[in-house]
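One structure is given here, and the rest of the page talks about it.
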Ligand code: PMP
């Protein structure tokens, strides 16, 4: 087997042999050796409540998902150029969760691959090359997706905005320019025409608008009502197609709906998914309309060696079964509601909690040093994450100022887990 090494040695070897840009969480990194449900365990058997992992969606190492993968691995794993039941069954099951026009499936190995392929689809369909994105968005790590990710190209080491990309402000009703939720959806969507005009001045027509249905890297932002309806109408009128990136938020996490775009009363032209789709196994997908899929038929084949293999599809099928049979979308709605209520109660007693927002098990608590000026408090957020870790609760931070406590646990997260988190957060913030 693999030799067991201590944390210091692992850290040292990692520095020597691995990608030097890869960070580790926490001042004193954890060595995690096992997971079950919403819990992670270190090499000493110490348990940590995982509120970070939105990939192991139905719970770490869910026995049903593990068994499905093991059984299919022992039988066959090969590419998609043979007929196989799993890929067809999965495509049908995924499509059944979606509004009618979204009915053609492409399987990939990651969210980046899905978003990359989606850009090709949008360009093939529209014959145009420009793209519109939201500020602070992240859509992937490939060269084309870094160009569509202000989170990367405007961040450390980034090379700035390229000419074929237009960036609009996030519809952030807490920190942004427009703060009245009843009209902010339209106000933020009204920023798109100027960006489209900018693209045109630079010689590019808009092919596609990429937007997460709830904003992850942007800081757990819930889109104001009407935002996507207005934005989609504007982009479509300009000749582009609309993409919903649900790599982080799909598959019932939103609680009230299976797909977060449904909360906005719209349907995208292209949906991309990843992370939770395989509960940790690498698989992603693009789902689009027959018309857009037909435009991609140019004579060049899209073939992806691992994409849609029988093992990935067996695992993804098991994930859908578990979400359904264990009522995990409903669990996300109920437990997410308890967390939101609890956080709002803490907000009354702790001035540093400036804003609580989210839906289902996708929640943000924005920490500020001055609740009136809404001054982001990154240092406090860091401290809270470390203090919670000391109490065996794992959290992360997010947002442009990195001051938003990001809550996105596996959707098996229970009522007791929520109670434990709230009690410990209260203590960390200074108690009553
Ligand atoms: N889109 C969004 C919204 C994401 O959060 C991520 C991953 N953080 C990606 C795309 C890229 O997915 P992957 O890491 O699987 O390539």
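Just so it is clear, none of the values below were taken in a lab; they were calculated from the coordinates. As the structure is a prediction and not an experimental result, all values here were calculated from the model. Note that each Cβ is placed from the backbone with ideal geometry, even for glycine, and that neighbours are counted across all protein chains shown.
Tabulated values for the structure
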item: Over the chain: helical MRE at 222 nm, DSSP H runs n ≥ 4 each giving -39500 (n - 2.57), nearest 500; result: -11500 deg cm²/dmol
item: Label-point separation, residue 432 to residue 19 (7 Å along Cα→Cβ), nm; result: 4.7 nm
item: Inter-probe distance in nm under a simple model that places probes 7 Å from Cα toward Cβ, at residue 338 and residue 383; result: 3.0 nm
item: Extension gain from residue 71 to residue 392, taking 0.36 nm per residue of separation minus the Cα-Cα distance; result: 112.1 nm
item: Residue with peak Gaussian network fluctuation, the chain [Cα springs, cutoff 10 Å], from 364, 337, 255; result: 337
item: Length released on extending from residue 303 to residue 4, taking residue separation times 0.36 nm less the Cα-Cα span; result: 103.7 nm
item: Scattering curve values for region 243-346, log₁₀ I(q)/I(0), Debye with Cα scatterers, q = 0.10 Å⁻¹; result: -0.37
item: Ranking of 52, 133, 88 by count of other Cβ atoms within 10 Å, fewest first; result: 88, 52, 133
item: Two-site FRET efficiency, residue 420 against residue 141, from Cβ-Cβ distance with R₀ of 30 Å, rounded to 0.05; result: 0.30
item: Separation of the residue 96 and residue 179 label points, Cα + 7 Å toward Cβ, nm; result: 4.8 nm
item: Relative contact order (%) - criterion: Cα under 8 Å, at least six apart; region: the chain; result: 21 percent
item: Ascending count of other beta-carbon atoms within 10 Å, so fewest first, for 246, 205; result: 205, 246
item: Value of Rg to Rh for region 63-325 (Rh from inverse mean 1/r over Cα pairs, i.e. Kirkwood); result: 0.97
item: Residue among 179, 14, 75 with the largest mean-square fluctuation in a Gaussian network model of the chain, springs linking Cα atoms under 10 Å; result: 14
item: Separation between Cα centres of region 291-327 and region 363-417, rounded to whole Å; result: 34 Å
item: Among 22, 107, 243, residue whose mean-square fluctuation peaks in a GNM of the chain (springs only between Cα atoms under 10 Å); result: 22
item: Beta bridges per DSSP with both ends in region 63-325, % antiparallel, nearest 5; result: 40 percent
